1. Quick one: in segment 279-304, which of the residues that are without any contact (Cβ under 8 Å) to a residue 60 or more places away in the chain and part of a helix (DSSP H, G or I) is nearest to Asp434 (Cα to Cα)?
2. If Asn418 satisfies every condition in (1) surrounded by 22 or more Cβ atoms within 10 Å (Cβ to Cβ); (2) outside any helix (DSSP H, G or I); (3) within 14 Å of ligand 2 (Cβ to nearest atom) but one, which is the exception?
3. Which of the residues spanning segment 377-412 are part of a loop (DSSP other than H, G, I, E, B), of a type in the set (A, V, I, L, M, F, W, C) and over 15 Å from Asp224 (Cα atoms)?
4. Quick test of your reading of the structure: Thr315 fulfils all but one of (1) without any contact (Cβ under 8 Å) to a residue 40 or more places away in the chain; (2) surrounded by 19 or more Cβ atoms within 10 Å (Cβ to Cβ); (3) more than 16 Å from Asn378 (Cβ to Cβ); (4) more than 16 Å from ligand 2 (Cβ to nearest atom). Name the failing condition by number.
5. Does segment 392-412 hold any residues that are more than 16 Å from Trp433 (Cα to Cα), open to solvent by 20 Å² or more (accessible area, probe 1.4 Å) and touching a helix residue (DSSP H, G or I) at 6+ places or on another chain (Cβ under 7 Å), and which are they?
6. How many residues, within segment 446-481, are assigned to a helix (DSSP H, G or I), basic (Lys, Arg) and open to solvent by 90 Å² or more (accessible area, probe 1.4 Å)?
7. Restricting to segment 221-252, give me the number of residues that are more than 10 Å from ligand 1 (Cβ to nearest atom) and either assigned to a helix (DSSP H, G or I) or on the phi > 0 side of the Ramachandran plot (or both).
8. Could you look through segment 318-335, keep only residues that are over 24 Å from Asp416 (Cα atoms) and among the small types (Gly, Ala, Ser), and pick out the one that is surrounded by the most Cβ atoms within 10 Å (Cβ to Cβ)?
Amino acid sequence: MEVKTETDYVWHHIQKACAFFAAMEDFAETINSKGFDTLYLHLDHPDNKQSFSENLSELIKKHGIEAFHYQLPDEYRLDQQMNDFCRSLDIPSHSFDSEHFYTGRTELADFFSGKKELIMESFYRAMRVKHQILINNDHDPEAGKWNFDVENRKKLPKNHKPNPPLLFDNDVRKPYDRITKAKVKTIGHIEPQYLQWPINRKQSLQLLHYFCENCLPLFGTFQDAMHTDEWSLYHSRLSFSMNTKLISPTEVVNTALATWEKDKKLIALNQIEGFIRQILGWREYMRGIYWMKMPEFETLNYFNYNKKLPSWYWTGETKMNCLKHSISQSLDHAYAHHIQRLMITGNFALLAGINPDDVDFWYLSIYIDAIQWVEITNTRGMSQYADGGIIGSKPYTASANYIHKMSNYCESCKYDRNDKVGENACPFNSLYWDFHDRHREKLQHNHRLSMVYRLWDKMKPELKSAVLQRANDCLENLDNL
Ligand code: FAD
Ligand code: SF4
């Protein structure tokens, strides 16, 4: 059922809203054609009460339903709704766990039980062994190494042209019309005749095979690279298909492994390990943290931040080239890759002191794959450090140095990446030092930041105060940067 409680809890990107409805309808048609008796309720149907519980109550009454069975949702909000609804029923109800993850809801909490730190790497290694993925002799990592991060993360060389992304042209004019006629508030751009995202299993499998053959060979190498002319590089863009359960993480991992097995010269170990780490490691880890830490997690605000998100997050109209590109492509494609999310938009919000509620709202709105269990853990946890270090061992912050190292954004920017002081200085540079200075009490004992504080302490007092002055000017004029 298409309901207003789902379209209205956040301002979804129009491509996300259309892709969800189109995928739902396609799935209903698929199972109908296999002889199942389904009922599909459109947003504008006169009987639609616009909430799951009210529609379900009506259906139960109308059809004389004797028992209610459902698959556990992935979001806490919906889980609560379903629990409340089942309690209100006078017929039996039963829920089934999702089969679309490697782990059950509480597996991570059980794994870390009694441990002080929730380290992703130890969880990931245990998952590799449990599922015997890239493992020899029952417990040894393939080629004797668990992690190939140092071989990955290269900048895109000049004149290197990645393979173009595989795009679809799904006609979603019908759901688009329903959404616009119902005056649902959305963001972003769309050409409703040509939705580029996969909306069914067949297309998702096509995208998976395209990725394995054309992008996996260089996935790890350029995983963190950013470029003004490329919006998806060697990334898979499979998160929407996996999050909406069009395909399962197991089949993604198995297909990638099979492609690697077939030609280990074409796909080196660092590429396949880098990809599997994202799915078997990070994706499952975030799901486990979510179920372990909700609902408290969504209230965490370690730095007590309360600033509003600058208005250009919704338009891309900023002079900072890295942010302009990352935000504009998000509005155009409902997509940015991990490093753009973490080290450009996330990094800026963290340095600028934006309220994590606002930051969550933005991330939950703008991406095609944004569903709270994986959005909030990445945003409030990994990117904003609002959890005080549950997920990351230190805040992910960077100055222009890192952005220049991984992209060509600085080359055509109005701001000077080499300056910290003065009105042309890159705002990231002064905000970076200001952030560490402001939060010294909370961060200085983190051993991963000792170098940062040593460098700051060595800076001449006049330079320090000029840097803090520039940061202050930026913070007071966020909307005009
Ligand atoms: P690829 O780079 O091709 O990676 C393959 C797959 O690995 C992804 O499809 C995804 O399923 C998984 N993956 C990779 N990194 C992560 C991660 N950190 N956490 C969980 N899974 C991961 N991902 C979402 O699915 N939904 C979100 O709402 C979301 N919000 C994010 C917000 C922030 C601030 C950050 C830093 C990251 C967020 N991510 C989110 C994680 C990651 O950025 C996306 O999964 C990824 O960019 C999706 O693109 P892709 O399919 O091309 O990924
Ligand atoms: Fe971004 Fe600064 Fe580089 Fe401009 S100079 S692109 S603002 S990092």
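The values are calculated or read from the model by the stated rules, or taken from the named source; none is laboratory data. This structure is a prediction, so every number in the text was calculated from the model and none was measured. With ideal geometry, Cβ positions are generated from the backbone for all residues, glycine too; neighbour counts draw on all protein chains shown. Just so you know, the surface numbers come from the protein's heavy atoms only, side chains and all, with ligands and any DNA or RNA stripped out. Shrake-Rupley method; radii C 1.70, N 1.55, O 1.52, S 1.80 Å.
1. If we take residues in segment 279-304 being without any contact (Cβ under 8 Å) to a residue 60 or more places away in the chain and part of a helix (DSSP H, G or I), then Thr299 is nearest to Asp434 (Cα to Cα).
2. (1)
3. If the condition is that a residue be part of a loop (DSSP other than H, G, I, E, B), of a type in the set (A, V, I, L, M, F, W, C) and over 15 Å from Asp224 (Cα atoms), then Ala386, Ile390, Ile391 are the ones that fit.
4. (2)
5. Ser393, His404, Cys410, Ser412
6. Counting residues in segment 446-481 that are assigned to a helix (DSSP H, G or I), basic (Lys, Arg) and open to solvent by 90 Å² or more (accessible area, probe 1.4 Å) gives 3.
7. Qualifying residue count for the region: 3.
8. Ranking the candidates gives Ala334 first.
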